[in-house]
Amino acid sequence: MPLAFAMRPTRKKLADQPRRIMKWLRPGLFVKRWLFLSTVGIVAIGLGIMVWLQLTPVFYTVRFVGNVLNLITRLIPNHISGPLAITGGLLLLIWGQTRTLGAIVEVLLPANGEDNLWDAIATHRRLNRGPRIVVIGGGTGLSTLLRGLKHYSANITAIVTVADDGGSSGRLRREMGGIPPGDIRNCLTALADEEKLLTELFQYRFEAGTGLSGHSFGNLFLSAMNEITGDWEKAIAASSQVLAIRGRVLPSTLSDVSLWADLSDGRHIKGESNITKARGNIDEIGCDPAEPPALPQAVEAIKEADYIIVGPGSLYTSIIPNLLVPEIVDAIAARRVPRIYICNIMSEPGETQGYTVSKHIEAIDRACGHYLFDAVLVQKRLPSEAAINRYLREGSTPVILDRKAVIESGRRIVIANVMSESDTTVRHDPKKLAKVLVRWYERTQGSW
């Protein structure tokens, strides 16, 4: 029994060998061409040596090969020796390349084994050929979307708001200056390439310790990197390398931006976290300093984008703050590529209570003064009755699609089921959302 048990992995490995070999013939891996090129190089080296030694390679090589072939065909008929030679050459080639690639796999993927190398190469090629996608927003909504989109393209640029002044980010911002790192950290971890331990480390939040309680490790890491490099761009780039992210994360501006809002009851509220707490109807929103300069890399990413996505996220505190940067708005408005806004599923107390889909669109148009997107994605089915009742107790209701008003705004309507519900908590589902967005892009890109 022990011997039979020990033999099973070997038999399975032998049975899987043809499948492993066929995977290397998969088109688009860019492996076969380099193997062929190396073979040509070996032949060229041999001919070069013969020429250098003045052995007149063409004559002697042809004569030698001819004599060998004549000898072989006299001993073994050509209808037997030919196929045998071809078969033997192929076996030697396959054996040599398999052992070579096996040695490479052992170094590159020691934990996962060679079965994942083909998939890793194929995935890398596919993602790098993906569209250049720019996503604009902040908060948990943006990071949720990025978790789904990273499986369709590695050419993603997330442009993130820097207006947050609450929680760990707000404390670091007040004590150390600069931009709040929280939304940037969430986007970095969302784009991480399956680095589970590092992702959990960046999201880890201290629950004890004088001065540490409430802070997340990722926020502290980003702030420390900024202090070391003296540059937020370098700090974010270094963190991106640590997490091996697919794509990049950029702040919309490096200015120390503070939000303000005028409410319908006459109050003037300062600070992003205070706006939501005020629980009023927002008539106007702006920032200090007014018209902050955009990060040049963010503007460049928009100019090169194949696809622009706005949202999802808190309308007044995650999405619109990015659109208070004039250069960002001008760059989006100038692009003639698919542009879509993802509307929230539920309204938010203190921001969008009672808002319909068209009210969200109207608020964005009013805040930036430009027509920035051509379509709006709306959740198709309502949440469960239990979820709706739970949100009603918090002052939140489902965002209703007022179709006529949306069409009058000049926007197409994309309706799909992109929601996940767990324990009466409603969220956008990363996989469903990304799938719908990519399909819409593929259907519409030819019309731009």
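The values are calculated or read from the model by the stated rules, or taken from the named source; none is laboratory data. Here the structure is a predicted model, which means the values were calculated and not measured. Virtual Cβ from ideal backbone geometry, glycine too; neighbours counted across all protein chains shown.
Considering (1) within 31 Å of the chain's Cα centre (by Cα); (2) modelled with pLDDT of 95 or more, the lone condition that H268 does not fulfil carries the number (1). Sub-8 Å Cβ pairs linking a first residue in the stretch 267-287 that is farther than 12 Å from V257 by Cβ to a second residue that is among the basic types (K, R), at least 6 apart or interchain, are A278/R267; G280/R267, ordered by first then second residue. Scanning the stretch 296-316 for residues that are in contact (Cβ under 8 Å) with a residue 60 or more places away in the chain, loosely packed, with under 15 Cβ neighbours inside 10 Å and under 16 Å from P251 (Cα atoms) yields one hit, Q297. Considering E421, E385, the condition of being more than 17 Å from I320 (Cβ to Cβ) and either among the aliphatic types (A, V, I, L, M) or more than 28 Å from the chain's Cα centre (by Cα) (or both) is satisfied by E385 alone.
Results for (1) in contact with a Leu (Cβ under 6 Å, 6 or more places away or on another chain); (2) over 22 Å from L191 (Cβ atoms); (3) part of a helix (DSSP H, G or I), shown as yes or no for each residue.
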residue: I228; (1), (2), (3): no, yes, yes
residue: I236; (1), (2), (3): no, no, yes
residue: I285; (1), (2), (3): no, yes, no
residue: I302; (1), (2), (3): no, no, yes
residue: Y316; (1), (2), (3): no, yes, yes
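Once the stretch 196-217 is narrowed to residues that are in a helix (DSSP H, G or I) and touching a helix residue (DSSP H, G or I) at 6+ places or on another chain (Cβ under 7 Å), the residue that is surrounded by the most Cβ atoms within 10 Å (Cβ to Cβ) is F202. Apart from one condition, I407 fits all of (1) at pLDDT 95 or above; (2) of a type outside the set (S, T, N, Q); (3) assigned to a loop (DSSP other than H, G, I, E, B); (4) over 28 Å from the mean Cα position of the chain (by Cα); the exception is (3). Checked across the stretch 155-171, the condition of being of a type in the set (A, V, I, L, M, F, W, C) and part of a helix (DSSP H, G or I) holds for no residue. Yes or no: the stretch 287-295 includes at least one residue that is crowded, with 16+ Cβ neighbours inside 10 Å and outside any loop (DSSP other than H, G, I, E, B). Yes. Across the stretch 375-400, the number of residues qualifying as in a loop (DSSP other than H, G, I, E, B) and crowded, with 18+ Cβ neighbours inside 10 Å comes to 3.
Inspect the stretch 202-209 for any residue being of a type outside the set (A, V, I, L, M), within 23 Å of the chain's Cα centre (by Cα), modelled with pLDDT under 80 and outside the structural domain of A301 (by TED's automatic domain parsing) and give the result as yes or no.
no
Within the stretch 183-201, the only residue that satisfies the criterion of being more than 18 Å from the chain's Cα centre (by Cα) and modelled with pLDDT of 80 or more is L201. Just to be sure, is L220 in contact with a strand residue (DSSP E or B) (Cβ under 7 Å, 6 or more places away or on another chain) and either surrounded by 16 or more Cβ atoms within 10 Å (Cβ to Cβ) or modelled with pLDDT under 90 (or both)? Answer is no for this residue.
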